[in-house]
Each structure stands twice: as structure tokens, then as C-alpha cells.
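Shown next, in C-alpha cells, is the structure this report addresses.
The values are calculated or read from the model by the stated rules, or taken from the named source; none is laboratory data. Remember, it's a predicted structure, so these values are computed and weren't measured experimentally. As a convention, Cβ positions derive from the backbone with ideal geometry for all residues, glycine included, and neighbour counts pool all protein chains shown. Please note that ligands, DNA and RNA were not included when accessible areas were found on the heavy atoms of the full protein model with its side chains. Shrake-Rupley method; radii C 1.70, N 1.55, O 1.52, S 1.80 Å.
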Amino acid sequence: MNFKEYSLEKRRLLLELKNILPLESLKRSLKDSHSRRRPRPCGMTVHTAIGCVFDCIYCYIGDMGFPTDRVQPYALTSLELVYALVNNRYFVPSLYGTYVAIGSVTEPLATPSVRERTFEYMSSILKYLKNPVQISTKQYISEEIADRFKALSRRGPISILITIVTLDHYRRLEPKAPSPTLRLESIKNLCKKGLKPTLFLRPIIPGINENEATDIMLEAKRAGVASVVIGGFRVTRTILRKLETLRFDTREIKKRLKGKRLLGNRQVSVPYSDIKRELVEIARNIGIVPLPSACCANTYNIFLTSGIRIPCYGLCYTNMCLNCPVNCIEVLPSIDEEDIRYAIARIVSSKIDIHCNKGLLMIITRSKRDRNRILSKDHLLSVLQTIYRRRIVVRAE
Ligand code: SF4
Ligand code: SF4
């Protein structure tokens, strides 16, 4: 897909949905934040519910203002959600477009009603937009629910991340979530149906759970996973206090923060690259493919389930690649200079030069004014980045 095709496809989708949805729904969609939000590195986050009651101690949704004492399905219908995404200026529909990430600030399978909403959303996204979908969950997935995932996966790729971060401390760290034993059962049920779930080993909390990582990977491998995402920990003042109240040893966290102060609700990443390096090696020795990020898991899942190699949406190949079999760098889309000029001509009319190497697409303008005007349209640059899967740099000559 190039930029022209993207523009046509968006127009077509808007028309199609306008013909289906009543006026009230169109208005509700446009007011919703899904129609405006910027994508994250893992893709466009889609909320299928608000709140979560699993009460994980390391969770930051409370600090972000989401409820932690209740969970309810998101208010939009699935078609309203799809319409909101099509209206989002950062969102590129299609298998080669923006990844969709479900479960970043809630548990998307928390209750039967939330689960239904999640399946409705996934189903409509795959039907109308065809974008790769990813869901992360701690909920137990029975064989029956695994069957539903399987049925849905016939419409398009669904990457399923099963979070397990502790086998020993789950009662303290994740007091209201299903036990890790049940989550391993979820992996088995999904694998039985021919799906390819990924172990989501995040967060690694230095000094608290990294010693369990090997056992978790071994258990998950036994249950059937073929890949693991190893991810870090973001701490806030409240989370640190909760860990200490539960008598966890937080000295290693503080040591790694090197005196960085935790202010208000600010989330601070705890450095852990040394631990990650070690765990990547262990994963390889165990025979699981280590992946650096959730979007790589999405990319790898597309490859495993369809044989299609799509370069990672988050451009992880430029700075954190772990050389999984997708080999993103070898399958980058070719550059259509005329198409890029067509896109940029919407902002500035003067000439531009385009230079491209493997991971970078450089646009060179004739003046600083043109450069600034292009940079101010970050949604357009984001769309070009998604289409061409390269980091875009704009410079004045
Ligand atoms: S399941 Fe996820 S959203 Fe819910 S409390 Fe745990 S970390 Fe937070
Ligand atoms: S090749 Fe590298 S960047 Fe691409 S999906 Fe695999 S690990 Fe991620």
C-alpha cells in the first residue's frame, strides 16, 4: 500500500461506515478519544473496557486515573469504534498498516460482558480494517474461548500475549488475577487449537522476579509457547510504596534508579538491560524465540500464522532487533518517491529531495520554514512512517 492507496482506502471506509451507522453513532465516534489518540510504539491502543479489578501491585492504571475497583465494557459499539479508528489521522488501515493493541490499560477478558465487547471489537477490526490485532491477558482461556480465538483468527492475525511474571509471588503481586497455573493452561488450550500465543514476561522487576524468569520460560515452553517478550518495569511513587508495604525488597529498584526522584504519578522506567540480555540468552537456550517488544510478537505471529513477513510496526529493527526469523530489514517496502512527494505536496508546494537507506527516510526541504511546516504535521509523517516502515527525518538543506 502506498500513500495514494491509503487515502483512497480511508475514503472508501468512511463512506461505507457512514452508510451503515446512524447519525448519533457517527457523532459519538468522533467525540471518542480513539478518533484522535496517537499510536504507541506497539500500535494503536484500543480500550475494550475501562478499569481493572485484578489489583496487580505493579500496575499503573490507577496512577493514570482509571478505576481499580470496577471494570466495565467500553461504551462504543464495535462499528463506532471502527469508525473512530478510520477517522484517526494517525491510523493506517490494512494488514500492512497500524497494529492494534488491546489490553494496555485493562484486562480485556475480565468478565463475560467485557469479553464479549473485546471479541466484538476484534471481529469488526479484522472484518473492516484488516489490521493485525494483539491482545494481552492474564485471564483464564478455556478451550471454548480458545475456539473463539481460532475462529476469529481465520479473519486475520491475532497475536495473543499471556502474561506470567511470577510463579511464587503471584498472591502478593497479582492478588486477584487467575493463578499462573491457570494461565499456563490457557497457553495449552490456545496451542491445542493451533494458535501461537506468546509468553509476556513483563514486567521484570529487578530484585523481585528476575530469578523466576527461567522457570517461567521453561513452564511456558512445556505448555507450548514458541516465543517470549521480555519487558521492563515502570515504577511510580505509589507502586514503590505498595511493594514496600508488602515487604518486597526494593533496594535493587532504588539502586537502578540512581537517585531519580519519583514525583506525582510519573512513571519511571527502571533500567534492566543487563538482566534482559541474560534472559534473552536463556530463552534461546531453552528453545523459545526471544522478542524485544510486543510489536515484534505481533510481527512474528503474522509470520507464523500466515507466512507473511511484514516489517515491525514499531521499527524495532532499527534499534532493538533480536533477529527473529521475520528478518524485517530484508523485507522493507520499496520507496515510491512520487508517492511521497504527493503526500508532502499537501503541506508544502516547493521541491523536496528524498534520500533513503535501510531504516531511514530523509526528506530535505528548500527552507527551514518548509521543514517546520512538515514537522508540524506529525500525523502525516506517522502515516508515511507506517506505510514505508522507516524512520522519517526532515531537514532543511
Ligand atoms: S491485569 Fe493488567 S490492567 Fe489489570 S491490574 Fe493487572 S496489570 Fe493492571
Ligand atoms: S526481525 Fe527483529 S525487529 Fe523484526 S520482528 Fe524480529 S526481532 Fe522484531
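Calculated mean residue ellipticity at 222 nm for the chain: -12000 deg cm²/dmol, from DSSP H runs with n ≥ 4 weighted as -39500 (n - 2.57), summed, divided by the residue count and rounded to 500.
Each Cα pair under 8 Å and six or more residues apart adds its sequence gap; the mean of these over the residue count of region 337-396 is a relative contact order of 36 percent. With R₀ fixed at 22 Å, the C-beta to C-beta distance from LYS193 to HIS379 puts the FRET efficiency at about 0.05. DSSP bridge analysis restricted to region 337-396 gives an antiparallel fraction near 45%, rounded to the nearest 5. Give me the percent of Cα-Cα pairs in region 1-103 that sit more than 23 Å apart, rounded to a whole number. When all Cα pairs of region 1-103 are counted, 34 percent exceed 23 Å. Accessible surface area normalised per residue over region 217-297 is 52 Å², counting heavy atoms of protein chains with a 1.4 Å rolling probe. Secondary structure note: in the chain, about 30% of the DSSP beta bridges are antiparallel. Cross-link reach is defined here as a Cα-Cα straight distance under 30 Å, omitting same-chain residues fewer than 8 places apart; for LYS358 the lysines meeting it are LYS4, LYS10, LYS130, LYS196, LYS276, LYS368, LYS377. Placing one equal scatterer on every Cα of region 103-227 and applying the Debye formula, the log10 ratio I(q)/I(0) at q = 0.10 Å⁻¹ is -0.30. Normalised by 2.2 N^0.38 Å, where N is the number of residues, the C-alpha radius of gyration of the chain stands at 1.00. Build a GNM of the chain with springs between Cα atoms under 10 Å apart, and of SER33, SER179, SER159 the one that fluctuates most is SER33.
Shown in residue order for region 370-376 are the 3J(HN,Hα) couplings computed by the Karplus curve 6.51 cos²θ - 1.76 cosθ + 1.60 at θ = phi - 60°: 4, 4, 5, 5, 5, 4, 6 Hz (x for Gly and Pro).
Extension gain, ASP55-ILE335: 0.36 nm per intervening residue step, less the Cα-Cα distance, totals 96.1 nm. Mean sequence separation of contacting Cα pairs (under 8 Å, at least six apart), scaled by the length of the chain, corresponds to a relative contact order of 15 percent. Restricting the calculation to Cα atoms, every distinct pair contributes to the Kirkwood radius of region 166-237, found to be 12.9 Å. Cross-link reach is defined here as a Cα-Cα straight distance under 18 Å, omitting same-chain residues fewer than 8 places apart; for LYS176 the lysines meeting it are LYS138, LYS242.
Each 10 Å bin from zero up to the one holding the largest Cα-Cα distance in region 337-396 carries the following percent of pairs: 24, 64, 12. Can you compute log10 of I(q)/I(0) for region 215-367 with the Debye formula, treating each Cα as one identical point scatterer, at q = 0.11, 0.17, 0.18, 0.21 Å⁻¹? So the normalised log intensities work out to -0.68, -1.04, -1.08, -1.23. Each distinct pair of alpha carbons in region 176-290 adds a 1/r term; the inverse of their mean, the Kirkwood radius, is 15.4 Å. Less than 12 Å from a label point 7 Å out along the Cα-to-Cβ axis of MET320: which backbone N atoms in region 203-247 qualify, by residue? Backbone N within reach: 204, 229-234.
Translational diffusion coefficient of region 293-397 (Stokes-Einstein, Kirkwood radius from Cα pairs, 25 °C, 0.890 mPa s): 168 µm²/s. If you take the Cα centroid of region 332-368 and the Cα centroid of region 204-283, the two points sit 41 Å apart.
Close amide H partners of ILE102, meaning residues 5 or more places away or on another chain with modelled amide H under 5 Å apart, are VAL46, GLN134, ILE135, SER136.
As a calculated quantity, the FRET efficiency between THR68 and HIS355 at R0 = 45 Å, using C-beta atoms, amounts to about 0.40.
Taking the average, over residues, of other Cβ atoms within 10 Å as the packing measure, peptides 162-175, 66-79, 121-134 rank 121-134, 162-175, 66-79 from highest down.
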